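Q: Quick one: this structure, given as structure tokens, is what I'll be asking you about.
The numbers here are math on the coordinates, done by the rules we state, and not lab data. Treat the numbers as computed from the prediction; the structure is a model and nothing was measured. With ideal geometry, Cβ positions are generated from the backbone for all residues, glycine too; neighbour counts draw on all protein chains shown.
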Amino acid sequence: MVTPGTNELYVADPAAAEEIMRRCRDREFVQREMVYQVLDVFGPNVDSVNGKVWERHRRITVPPFNERISGCVWDEAGRQAKGALEVWLANSREETVRSTQNDCMKIALHVLTRAGFGVSYDFSGEGKTVNRSGRHKLTYRDALRTLLDNMVIVFFLRIAQQGGWPLWATWGRARKVLDAHAEFQDYMTEMMAEEKTRMQSGEKDRGNLMSVLVRSSEQAKLSGKIADDGAAGRNTFQGLTDEEVYGNMFIYNLAGHDTTANTIHIALTILAIHPEWQVWVAEEIDRVVGTGEEHNRVYEDVFPKLPRCLALMYETQRLYPSVPCLPRWTADTWQQISVGGTEIMIPPQTNVMVNSTALQTHPKYWGPDPLVFRPDRWTVNAQEHQQDEIDADGPHDWQSTSLLQPVPGSFVAWSAGPRICPGKKFSQVEFVSVIAMLFSNNSRVEVVREKDEMPEDAKRRVARVLAEAKTEIALKVPNAESIGMRWFRKVP
């Protein structure tokens, strides 16, 4: 696509997409700094930097996503889902539940506050208030929620600040966002200082992302190694600066909030009009987790044995990818790639867009029904009772071995190559834990039909609403409250 600004090339060839995402080093297909620096809300981070700087960030930001964190995510996501289910079941007795999207956002937020910083909240909102300095006006959760709910304003304020706009000259909603920014900065500063003190006194880490990230960075600094960041005459230790720790902690929250929350919301909405898929996942949940008092929710025992729940996430992401296009940039160099056996040259200063939506719905790779929601396409080769292996030191880009392995490059829900999302398994564990809790013990959900509406009409109405999904921070369904749901316990 030729534009008055920069040219754009859209790619929907799996091999080419795989090559583009694999070649992410300096002077190849990089993140465009002008676009991604807007993410430096609290500092440079693994998403906004390139080259040697990115390699340094990557080395330090990946280790926090370990199995201890996965276990924490599993427990907290299940606890939040249990609280949500209790509210939904109670509300369904007398009225229609129309808060599913917002409630999924709350679940994801509370998982992040617990796994990210060790701060727990009940689904109903009660929880620990972190105000050690005694000078905070907002709770930790409310500061983070204000930022995540207003990211368009956050980005606008960052651009305005770069352009020289005085931030004191703001009012209304923008003023509240700035106040939340200052509060969240103070919380992170306090938590980092505490973690460094704990580390110096020989205490163990607290098993959350902030704790492990700070220690990972400090240990890298202590290693005494020097890394060249690519800037002339500028060397730095292998660790992260305080500003970079803040930047990465915020990007963890930003990347893990809207994406997972909206995937859960869309999956629940689809299940509400497809009771057959509810039965399909519930069969697995009942067999693995158990029912009533005789149940097992231990992460290591249960998560590897729930491929259907994971397949539900994959199929939702296939048809409703959180990021419909993955952008790359050729910077100042020509790049050569192979597309369908033909070598093509891509000019400098070109935006290269890996089209997730097209790749993930192409009949050549997904069969004759690529637009049909069918999660069992992922389990077609799975053996009964087959389970995945969990390695305590396993990779962050863990891939289920019990599910379909699609053509490389044809499924890029978490990106691919060296810049694959470090929170990939984090999101998978969260999703599976939520589904395993919501559909245990004969819990079911249905769409509430409008007056004189037949079941097939309700399906078509819901499908139309889902088709209006658009990208904000991630893919999100507008007017989600127009879909009323009712939760109930199915009589065995």
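Q: Sorted by average packing, counted as other Cβ atoms within 10 angstrom per residue and highest first, what order do 329-338, 266-275, 14-23 take? Before the final figure, lay out each step's value.
A: Details: 329-338: 15.8, 266-275: 22.2, 14-23: 20.7.
Result, highest mean Cβ count within 10 Å first: 266-275, 14-23, 329-338.
Q: Check cross-link reach from LYS204 to the lysines: straight Cα distance under 20 Å, and skip same-chain residues fewer than eight apart.
A: LYS196, LYS221
Q: Quick check on packing: order 136-147, 431-442, 94-105 by the mean number of other C-beta atoms within 10 Å, highest mean leading. The partial results should precede the final answer.
A: Numbers: 136-147: 20.2, 431-442: 24.5, 94-105: 18.0.
The most tightly packed comes first, giving 431-442, 136-147, 94-105.
Q: Excluding residues on the same chain fewer than 8 positions from LYS106, give the lysines whose Cα lies under 28 Å from its Cα.
A: Leaving aside lysines fewer than 8 places away in the same chain, those within reach of LYS106 are LYS82, LYS128, LYS137, LYS176, LYS305, LYS424, LYS425, LYS459, LYS470, LYS476, LYS490.
Q: I want the antiparallel fraction of DSSP beta bridges within the chain, as a percent rounded to 5.
A: Details: 25 of 31 bridges.
Taking every DSSP beta bridge with both residues in the chain, the antiparallel ones total about 80 percent.
Q: Among ALA272, PRO327, ILE344, pick out the residue whose Cα is farthest towards the positive end of the charge dipole of the chain, where Lys and Arg carry +1 and Asp and Glu carry -1 on C-beta, about the Cα centre.
A: Farthest towards the positive end: PRO327.
Q: Quote to one decimal, in nm, the extra length available between GLN349 and HIS274 on full extension: 0.36 nm per residue of separation minus the C-alpha distance between them.
A: On the way: separation 75, 0.36 × 75 = 27.00 nm, distance 4.59 nm.
Once the chain is fully extended between GLN349 and HIS274, it gains 22.4 nm.
Q: Let me ask something else. Whole-Hz Karplus ³J(HN,Hα) for the range 278-287, in order, using 6.51 cos²θ - 1.76 cosθ + 1.60 and θ = phi - 60°, x for Gly and Pro?
A: 3J(HN,Hα) across the range 278-287, in whole Hz: 5, 4, 4, 6, 5, 4, 5, 4, 4, 5.
Q: Shifting gears a bit: Quick one: Karplus J couplings for the range 48-59, per residue in order, coefficients 6.51, -1.76, 1.60, θ = phi - 60°, nearest Hz, x for Gly and Pro?
A: Each residue's phi maps through the Karplus curve to give 9, 10, 10, x, 4, 4, 4, 4, 5, 4, 4, 4 Hz.
Q: For the range 434-439, what does the Karplus curve 6.51 cos²θ - 1.76 cosθ + 1.60, with θ = phi - 60°, yield as ³J(HN,Hα) per residue in whole Hz, taken in order and with x for Gly and Pro?
A: 5, 5, 5, 7, 5, 10
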